[in-house]
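Bear in mind that the values in this text are calculations on the coordinates, not laboratory data. Since the structure is predicted, the reported quantities are computational estimates derived from the model, not experimental observations. Every residue, glycine among them, receives a Cβ derived from its backbone with ideal geometry; neighbour counts consider all protein chains shown.
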Amino acid sequence: MTPTLLRVFVAAFGGMTSFFLLLSVAPLYATSGGAGEVGAGATTAALLLSTVAAELAVPRLVVRFGHRLVFGAGLVLLGVPAVALVASAHLGWILGLSAVRGVGFGVVVVLGSALVAVLVPAERRGEGLGLFGVVIGLPGVLALPFGVFLVGQVGFTPVLVTGGLAALVGLVAMPGLPGREPAPAEPVGILVGLRSVPLLRPAVVFAMVAVAAGVVVTFIPLAAADAAAYLVPLALLLHAVATTGARWWAGRFADRHGPEVLIVPALLAAVAGVLVLVMIPHPAAVLAGMVLFGLGFGISQNASLVLMFSRVSRSRYGTVSALWNVAFDAGMGLGAVGFGVVVAQTGYPVAFAVMGALMLVALAPALRDRLATGEGQHRR
């Protein structure tokens with residue numbers, strides 16, 4: 001653990017705490033201003049759409065301005081609008097500021113993993129990214145439910161201000177981060193990643209798992225709404241813990257045995273978790289399904305990212321991080337929207353079965369990539 005890597009962790013932790021603390025609070029805040037359910041959903045949509053747009057631009061911004069300046073700007077864009085939300089609960093104001101915060105969040109998530117890849121030796125990159133996964137996963141476990149709880153205790157203003165300050169505190173870690181580096185000899189940017197088959201295959205596999213993640217975190221609370229009161233909170237907690245722990249374990253495993261061997265097992269574990277949810281709202285099925293899916297999701301996160309970093313030079317780490325994060329965020333968004341359409345026609349058990357079957361389609365690029373990796377190693 002070098003001082004520079006610790007700074008990255010501190011900055012990323014502050015940014016993720018800000019993001020998760022307000023992720024459910026902002027829609028509630030919109031509702032308190034009379035927005036209704038559609039307006040509440042629009043706040044999250046504005047946040048994630050601008051996140052994906054920012055992720056597409058980050059690699060080129062880093063080339064022009066450097067890691068330190070872009071990372072700092074991301075924290076400011078994430079933090080200042082959170083404090084500004086206090087001024088009004090009008091839906092237009094919340095949507096505009098949520099979009100700005102999404103830009104900041106996109107910067108933070110892309111640069112966080114890219115800087116870890118830069119700062120950690122290649123032989124320990126999996127462990128470094130696994131530890132980074134724990135650092136950014138903890139706010140999801142703690143801050144997401146705590147934000148809603150705090151609103152009930154102290155009101156919106158203290159929570160919104162705290163969410164803003166959490167990101168701005170991360171600015172203390174900016175001195176010492178890498179600045180602007182010499183312009184790379186090879187092209188960078190998201191289009192480079194989309195044209196690279198060795199990068200695209202693991203990204204597509206991970207995107208399919210992310211689609212399912214968007215489904216489970218969005219619809220488990222609705223599908224199990226009539227179950228015992230403890231079930232949904234416990235299921236979401238187990239899912240978050242399993243995902244975070246699996247991401248850390250997968251990093252250590254990948255350093256010793258290679259990330260490519262984890263891609264298919266991670267996908268199958270995630271599929272199994274979704275298929276178990278066919279028995280919803282049976283409590284044991286919900287809990288087992290969420291744990292299984294969490295394990296597959298966490299392993300898939302780390303294995304796909306480590307594998308993609310291993311296939312590019314340092315100058316394209318930002319490209320890899322951007323492509324991976326777009327697969328993550330866009331996949332979750334598409335999953336939530338698409339599943340809603342299916343479940344309206346079929347009901348939850350059938351919809352979960354359809355989701356599991358669709359995920360199996362990702363076995364094709366996963367197995368093709370594994371075969372191509374084995375052939376390349378054999379030729380060497």
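When a/c is below 1.5 the answer is rounded, else prolate if a/b is larger than b/c, else oblate, so apply that to segment 1-177 with a ≥ b ≥ c taken from the square roots of the Cα gyration tensor eigenvalues.
Values: a/c = 2.17, a/b = 1.74, b/c = 1.25.
Note, shape of segment 1-177 comes out prolate.
As a check on your grasp of the helix formula, calculate [θ] at 222 nm for the chain: sum -39500 (n - 2.57) over DSSP H runs of n ≥ 4, divide by the residue count, round to the nearest 500.
The helix-only estimate for the chain comes to -28000 deg cm²/dmol at 222 nm.
Only four residue types carry charge here, +1 at the Cβ of Lys and Arg and -1 at the Cβ of Asp and Glu. Report the dipole size of the chain about the Cα centre in Debye, rounded to the nearest 20. Each step should come with its number before you reach the end.
Details: 20 positive and 12 negative charges, 208 e Å.
Roughly 1000 debye for the chain.
Positive end of the dipole of segment 188-380 (Cβ unit charges, origin at the Cα centre): among LEU323, ALA285, PRO265, the Cα lying farthest that way belongs to LEU323. Placing dummy labels 7 Å off each Cα toward the beta-carbon, the span from ARG195 to THR157 is 5.4 nm.
Between the alpha-carbon centres of segment 1-27 and segment 265-281 there is a gap of 30 Å. Between the residues ALA54, VAL151, ALA173, the greatest Cα displacement towards the positive end of the dipole of the chain, with unit charges on the Cβ of Lys, Arg, Asp and Glu, is found for ALA173. Placing unit charges on the Cβ atoms only, positive for Lys and Arg and negative for Asp and Glu, gives segment 52-161 a dipole magnitude near 240 debye about its Cα centre. With the simple model of a label 7 Å out from the Cα in the direction of the Cβ, ARG256 to VAL38 spans 5.5 nm.
Computed on the Cα atoms alone, the convex hull of segment 265-313 gives a volume of 48 cubic angstrom per residue. Rounded to the nearest 20 debye, the dipole magnitude of segment 1-125 is 420 debye, with +1 charges on Lys and Arg beta carbons, -1 on Asp and Glu beta carbons, and the Cα centre as origin.
Cut-off is 10 Å between beta-carbons; in what order do THR51, THR31, THR157, THR373 appear when sorted fewest neighbours first? Walk me through the numbers on the way to the answer.
Working: THR51 27, THR31 16, THR157 13, THR373 21.
Lowest to highest Cβ neighbour count: THR157, THR31, THR373, THR51.
Here PHE149 and ALA84 are evaluated by their C-beta separation; at R0 = 41 Å the FRET efficiency comes out at 0.95.
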